[in-house]
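This report refers to the structure that appears directly beneath it.
The values are calculated or read from the model by the stated rules, or taken from the named source; none is laboratory data. Being a predicted model, the structure only gives us computed values, none of them experimental. Don't worry about glycine lacking a Cβ; one is built from the backbone with ideal geometry, like all the others, and counts go over all protein chains shown. All accessible areas refer to the heavy atoms of the entire protein, side chains included, with ligands and DNA or RNA removed. Shrake-Rupley method; radii C 1.70, N 1.55, O 1.52, S 1.80 Å.
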Amino acid sequence: MLEEVFENKNVLFIGVKFYEYHLAIKQKMEQYGAAVSFFAERDTSILYGIVNRLLPQRIDSFQKMHYESILKAIAKKKFDYLLVVRGYRMPLSFVKTVKARNPGIKTIMYQWDANVNSAYLNLDEEYNLIPEFDKVFSFDYKDVEQNPWIKYSP
């Protein structure tokens, strides 16, 4: 069944670089025939760490630059799926641009942390991504219970 979903499909995967989870997810999609372009949800350089700790008021602009660099990197590619795992401080404009460049793209968001720990609900308009996604999943049962339009997927 997954072969039918992924075979000959192009996936833009934005997610957390956490140990090797992102690699395992990418490899699994590729195993079923997808071509996967992975980008970390945030810059993982020392510069990010410095900005985050010493200039937290600049982290949003730093994140916007990160997502602009992703848009440049994928400018000539076409995607069938956008898969976002968490999507820390992902600007709404990023998702809208990806969708505009890829008419018919299927968008999927998976939240691997509870909203109380890593907010993804009730964000400022500029970061309110939920309406842009076709499917939203969470592993956190409380989030799903309080927001029945989110599907539970542990």
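Expressed as a whole percent, the accessible surface of the stretch 31-101 that belongs to carbon and sulfur atoms is 56, based on a 1.4 Å probe. With a simple spin-label model that places each label point 7 Å from the Cα along the Cα-to-Cβ direction, the separation between S61 and T44 comes to 2.7 nm. Note that the chain presents 61 Å² accessible area per residue, ligands and nucleic acids not counted, probe 1.4 Å.
Ranked from largest, the principal axis spans of the Cα set of the chain equal 47, 39, 31 Å.
With the dipole of the chain worked out from charges on the C-beta (+1 for Lys and Arg, -1 for Asp and Glu) around the Cα centre, which of P131, F18, F62 lies farthest toward the positive end? Projecting each Cα onto the dipole axis, the largest value belongs to F62. Rounded to the nearest 20, the size of the Cβ-charge dipole of the chain about its Cα centre is 520 debye, with Lys and Arg at +1 and Asp and Glu at -1. Scoring 84-94, 15-25, 100-110 by mean Cβ neighbours within 10 Å over their residues and listing the highest first yields 84-94, 100-110, 15-25.
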